[in-house]
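Nothing in this text is a laboratory measurement; each read-out follows from the coordinates by a stated rule. Since the model is a prediction, treat every value here as computed from it, not as a measurement. Heads up, the Cβs are rebuilt from the backbone with ideal geometry, glycines too, and the neighbour counts pull from every protein chain shown.
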Amino acid sequence: MEIRKAVITDFENIKSMMLKALRSDPNAFSVNYEEYASCSNYWWQNYLSDYLAGLYSHMYFAQENEIIVGMAGLNFSRKIKQQHSVDFVWFFVDQEHRGKGIGRKILEHIHTVLKEREEIVKIALSVVSTQTKAIELYKKFGYSVSGNQRRHIKSGNDYLDLIIMEKHLRP
Ligand SMILES: CC(C)(COP(=O)(O)OP(=O)(O)OC[C@H]1O[C@@H](n2cnc3c(N)ncnc32)[C@H](O)[C@@H]1OP(=O)(O)O)[C@@H](O)C(=O)NCCC(=O)NCCS
């Protein structure tokens, strides 16, 4: 299993993994499958352009025998006052491949990448309160809860909390 950074030719791979994630785990993300599935190709080109360029946004794939089984993204800030902080997004492992350590490997890889970026002092993420496996995993990697946006997400008739977690990478 290898972890690789998405490149300019990965448009369809990123799009299909994002749609797969939204369809397979509708509560896990703060956006909706039907909403994204109905967006035009033009919208997707625009939305994914930063990931494809690989400068301010990176997408990482976990790949097994050429098949993409997991992903996670990093969003860096263009703003001078926020360039020390990075957002962790779109963390997902295909249902069939869960519980085999792939999520752990993706997180380890991301932290190795960030260790080499001396200017980055913290990584932050938001996770819907229903995603207990993800929350446990983040805690094991040293993330702690720094906020709770109560009833931030509406899923069917339910309102779900969005938990903010962060990890400080340097003093
Ligand atoms: C969160 C997620 C990416 C983890 O991927 P994974 O490949 O299954 O994770 P791993 O196999 O590396 O397991 C890592 C940890 O996850 C937790 N975990 C995994 N499977 C679990 C299970 N069946 N029950 C409880 N915890 C579990 C454990 O803390 C585990 O730690 P361990 O290795 O010390 O036992 C995956 O469950 C997923 O895609 N979930 C849906 C999307 C989601 O919630 N994304 C987070 C958005 S913020």
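Details
- Remark: spin-label model distance Ile8-Ser129 equals 4.6 nm, labels positioned 7 Å along the Cα→Cβ axis.
- In terms of its Cα atoms, the chain spans 43, 39, 35 Å along the principal axes, sorted from long to short.
- For the chain, the membrane-span-like helix rule (DSSP H, alpha carbon extent of at least 18 Å along the helix axis, mean Kyte-Doolittle at least -1.0) picks out 11-24, 102-115; this says nothing about an actual membrane.
- Counting only the Cα atoms, the stretch 85-171 fills a convex hull of 98 Å³ per residue.
- Annotation for Arg117 and Leu162: the two label points, set 7 Å from Cα along the Cα-Cβ direction, are 2.1 nm apart.
- Lysines with Cα under 29 Å of Lys154, excluding same-chain neighbours fewer than 8 positions away: Lys15, Lys20, Lys122, Lys133, Lys139, Lys140, Lys167
- Cα convex hull of the stretch 4-43 - mean projected area over all directions, nm²: 3.3 nm²
- Counting 0.36 nm for each residue step from Arg98 to Ser24 and taking away their Cα separation leaves a gain of 25.4 nm.
- When the charge dipole of the chain is built from unit charges on Cβ atoms (+1 for Lys and Arg, -1 for Asp and Glu) and taken about the Cα centre, the candidate among Thr112, His58, Pro26 whose Cα reaches farthest toward its positive end is Thr112.
- Convex hull per residue volume in Å³, alpha carbons only, for the stretch 1-88: 109 Å³
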